[in-house]
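One structure below.
Readers should treat all values here as calculations from the given coordinates under stated rules, not as data from a laboratory. Computed from a predicted structure; not experimentally measured. Neighbour counts run over all protein chains shown; Cβ positions are idealised from the backbone, glycine included.
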Amino acid sequence: MKEPDRTGKPRKPMIVFAGRSNVGKSSIIRALTGKKVRIGKKPGSTRWEMMIDFDPITIVDIPGFGYMAGQSKTTIEETKTNIVQNLESWKDNLILAILIIDISLFKELHERWSSRGEIPIDVEFYNFLSEIAPNVVVVANKIDKVKKLALQGEIDFLKTELKEAAPTKNPVIVLTSARKKQGMSDLVSVIDGLLIESGLSKPQWVVT
Ligand SMILES: Nc1nc2c(ncn2[C@@H]2O[C@H](COP(=O)(O)OP(=O)(O)OP(=O)(O)O)[C@@H](O)[C@H]2O)c(=O)[nH]1
Ligand SMILES: [Mg+2]
């Protein structure tokens, strides 16, 4: 049963863009929809969720989890708790969760977290999103920052880690550079395919 939104209207199916701070969530939403969501050089640019009406769906830009420039540890923790609570409350409407990863940093951060005996936050979120959303697509963004020869290795590493985290799923990974506008049409094709499977029509993406 779909919960009505704050104005009492029934909610549209939602696609949420999640990921650590500064990975390019807002940049990708802007590149796909042409909507002027806030983008920033420093982590923590998106402070609250932004609901973008994009017929036949609602696209949600949420704050990044993890470090936010100029914010206290308490605020960062509160933001993360808030993101998790919001995502859980949208569960019935979520048709797709898109997890954006900065591929130029993934391996390095992964190794740092693992060496401390902690589950890397990207992997933790991948697990969480897989539990609450019927479809999860992982976007390896900022490919322009990875040397051409190293890219395949970085993607293989990501794939192995995701597979290990959720062995029953085959991770769907799309490679993008929001800055260079690469991979955007691949992402659109994957999203459209899932929308059509769910009986919905394609939105008017600005990417062709
Ligand atoms: N080199 C490179 N930079 C990118 C790419 N995508 C985004 N950026 C830059 O990364 C920075 C963060 O982009 P945002 O789109 O604000 O990232 P976000 O994930 O929404 O960040 P928060 O809202 O803080 O969580 C900006 O300076 C972008 O220009 C990319 O593909 N390549
Ligand atoms: Mg943002």
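Per residue, the average separation of C-alpha pairs within less than 8 Å and at least 6 apart gives segment 14-197 a relative contact order of 22 percent.
How much FRET efficiency would the formula 1/(1 + (r/R0)^6) give for V84 and I52, where r is the Cβ-Cβ distance and R0 is 22 Å, rounded to 0.05? Plugging the Cβ-Cβ distance into 1/(1 + (r/R0)^6) gives 0.55. Along its principal axes, the chain has C-alpha extents of 48, 40, 36 angstrom, given from the largest down. Projected onto planes of every orientation and averaged, the convex hull of the alpha-carbon atoms in segment 89-133 covers 3.5 nm². Residues within the reach of a label modelled at T168 (point 7 angstrom out along Cα to beta-carbon, backbone nitrogen below 15 Å), restricted to segment 101-132, are 127-132. Projecting the Cα atoms of Q85, V139, G193 onto the charge dipole of the chain, computed from C-beta unit charges around the Cα centre, puts V139 farthest toward the positive end. With a Förster radius of 25 Å applied to the beta-carbon distance between E108 and V207, the computed FRET efficiency rounds to 0.25.
Between A69 and R116, what is 0.36 nm times their sequence separation minus the Cα-Cα distance? Round to one decimal in nm.
Working: separation 47, 0.36 × 47 = 16.92 nm, distance 2.30 nm.
Result for the pair: 14.6 nm of gain on full extension.
When the chain is fully extended, how far beyond the present Cα-Cα distance does Q152 get from K91, taking 0.36 nm per residue of separation?
Details: separation 61, 0.36 × 61 = 21.96 nm, distance 3.35 nm.
Going from the current span to full extension adds 18.6 nm.
For W205, W48, the sequence from fewest to most other C-beta atoms within 10 Å is W48, W205.
Lys-Lys pairs in segment 1-142 that are eight or more residues apart or on separate chains and whose Cα atoms lie under 14 Å of each other come to 10.
Projecting the Cα positions of I28, I119, L105 onto the charge dipole of segment 1-138 (unit charges on Cβ atoms of Lys, Arg, Asp and Glu, taken about the Cα centre) puts I28 furthest along the positive direction. Counting only Cβ charges, +1 for Lys and Arg and -1 for Asp and Glu, the dipole size of segment 51-118 around its Cα centre is about 320 debye. With viscosity 0.890 mPa s and temperature 25 °C, the Kirkwood radius over alpha carbon pairs of segment 110-208 converts through Stokes-Einstein to a diffusion coefficient of 162 µm²/s. Listed by Cβ neighbour count within 10 Å, with the fewest neighbours leading, D122, D92 appear as D92, D122.
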